[in-house]
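Input: a single structure, listed below in structure tokens.
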Amino acid sequence: VRNLPGVPKGTGQQVERVTIIGGGLMGTGIALAVLSAGLPVALVEPREDGREKARDAIARTIVRNVHKGRLSEEAADRQLGALRIVGKLSEASDADLFIEAVFEDMAVKRQVFEELDRLAGPNAILGSNTSTLDLDAIAACTSRPERVVGLHFFSPANIMRLLEVVRGAKTSPDVLQSAMGFAKALGKTAVVAGNCDGFIGNRIFEEYLRQAWFLLEEGALPTQVDQALEKFGFAMGPCRVMDLAGQDIGWSIRKRRAVEQPDRPYSKIPDQVCKLGRFGQKTGAGMYLYPDGRTPEPD
Ligand code: NAI
């Protein structure tokens, strides 16, 4: 991003060690992106099965990259050797950049940021991958809101080029610069966003989604909606995107909206799909069925 008012020049602090908190869909994708930039990663995931799943997903993608000729065996070994998966933040608190990717739930994020505030070094950058929560409220859980910045990746995080760098009310210019430098090191296209609901991409995408769900309520099939929008120019139709991202994410956003903006109409269809436990690829069913029960590999 060039010539944007208020975006400081320079590269900021060099990031050399990254800890990612949360080893789910985003945490594993971000870990892959950071590993491929040659940086060591510690991934914190409290659930044992979550740690195994994360390790498998990361190793599978790295091995696939070798098979597809995108990565040498030596580089693959280096990446696998640079990954540490642990159960507690206290085992990985020596990073200069932390990226939180836990559930989209303010209470869970608060707990993580309070712990980060206790454990992280004074110069550490505290990043959050939140999609929709108020970054300033997250920053306020710490005694150092100037060190907090939004690092909003898009799924699959190891593939998608866009990274929204979210500037909170108190984010320091140095931290913003460092986040931009980190994005560049990852080969991402960074766009600075202000702290607003949905930032840029999701704020606009949510309106597309709302209309897609109304179309389903009016009788359209997911394939019809997706095919139309894919031919219209979208890389993926909205039903497929949400099956990939997790229908539960949209559900939690709609629950919050029902409290904050009770007059905003929503179709009931995606909530009914979620009530059936159909969260998308990760549960084997969403708007579509994934009969082999496993998440198809991102490219
Ligand atoms: P997920 O449900 O796949 O993974 C969350 C992980 O966090 C789980 O493995 C869970 O065990 C772990 N976790 C929960 N509490 C924890 C704690 N206290 N410490 C460490 N780990 C903890 O969720 P997903 O999809 O990876 O989303 C994570 C964050 O990324 C959310 O804030 C979400 O809004 C955001 N995001 C999601 C995108 C998507 O497409 N799914 C895209 C961009 C952002």
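The values are calculated or read from the model by the stated rules, or taken from the named source; none is laboratory data. This structure is a prediction, so every number in the text was calculated from the model and none was measured. All Cβ positions, glycine included, derive from the backbone under ideal geometry; neighbour counts span all protein chains shown.
Miscellaneous remarks
- Residue within region 4-24 that is closer than 19 Å to Gly187 by Cα, touching a helix residue (DSSP H, G or I) at 6+ places or on another chain (Cβ under 8 Å) and in a helix (DSSP H, G or I) present: no
- Filter result (more than 14 Å from the ligand (Cβ to nearest atom), assigned to a loop (DSSP other than H, G, I, E, B), small (Gly, Ala, Ser) and over 13 Å from Ile21 (Cβ atoms)) within region 105-146: Gly121, Ala140, Ser143
- Filtered by the rule that a residue be among the aliphatic types (A, V, I, L, M) and either closer than 17 Å to Ser155 by Cα or within 12 Å of the ligand (Cβ to nearest atom) (or both), region 31-56 gives Ala31, Leu32, Ala33, Val34, Leu35, Ala42, Leu43, Val44, Ala54.
- Members of region 251-281 found to be under 21 Å from the mean Cα position of the chain (by Cα) and modelled with pLDDT under 90, listed by number: Ser252, Ile253, Arg256, Arg257
- Scan region 174-192 for residues that are free of Cβ contacts under 8 Å to residues at least 60 places away in the same chain and buried (at least 21 other Cβ atoms within 10 Å of the Cβ) and the total you get is 1.
- Only one of Thr28, Thr61 that is closer than 22 Å to Thr130 by Cβ and either away from the ligand (no atom under 13 Å from the Cβ) or at pLDDT 95 or above (or both): Thr28
- Pair list, Cβ < 6 Å and 6+ apart or interchain, from region 128-155 residues that are under 12 Å from Ala169 (Cα atoms) and free of Cβ contacts under 8 Å to residues at least 40 places away in the same chain to residues that are among the hydroxyl-bearing types (Ser, Thr, Tyr) and within 15 Å of the ligand (Cβ to nearest atom): Ile138/Ser128
- Val7 being modelled with pLDDT under 95 and crowded, with 16+ Cβ neighbours inside 10 Å: yes
- Test: residue in region 70-84 that is more than 10 Å from the ligand (Cβ to nearest atom), more than 25 Å from Met160 (Cα to Cα), surrounded by fewer than 16 Cβ atoms within 10 Å (Cβ to Cβ) and assigned by TED's automatic domain parsing to the domain that holds Glu146: no
- Options Val149, Val192, Val165, Val175: the member that is away from the ligand (no atom under 11 Å from the Cβ), part of a strand (DSSP E or B), over 30 Å from Asp226 (Cα atoms) and among the β-branched types (Val, Ile, Thr): Val149
- Residue check for Val66: in contact with a Ser or Thr (Cβ under 8 Å, 6 or more places away or on another chain) and without any contact (Cβ under 8 Å) to a residue 12 or more places away in the chain: yes
- Residue count, region 78-109 (criterion: over 18 Å from Leu43 (Cβ atoms) and not hydrophobic (A, V, I, L, M, F, W, C)): 2
- Selected residue (criterion: surrounded by the fewest Cβ atoms within 10 Å (Cβ to Cβ)) from residues of region 200-220 that are touching a helix residue (DSSP H, G or I) at 6+ places or on another chain (Cβ under 9 Å) and more than 17 Å from Ala235 (Cα to Cα): Gln211
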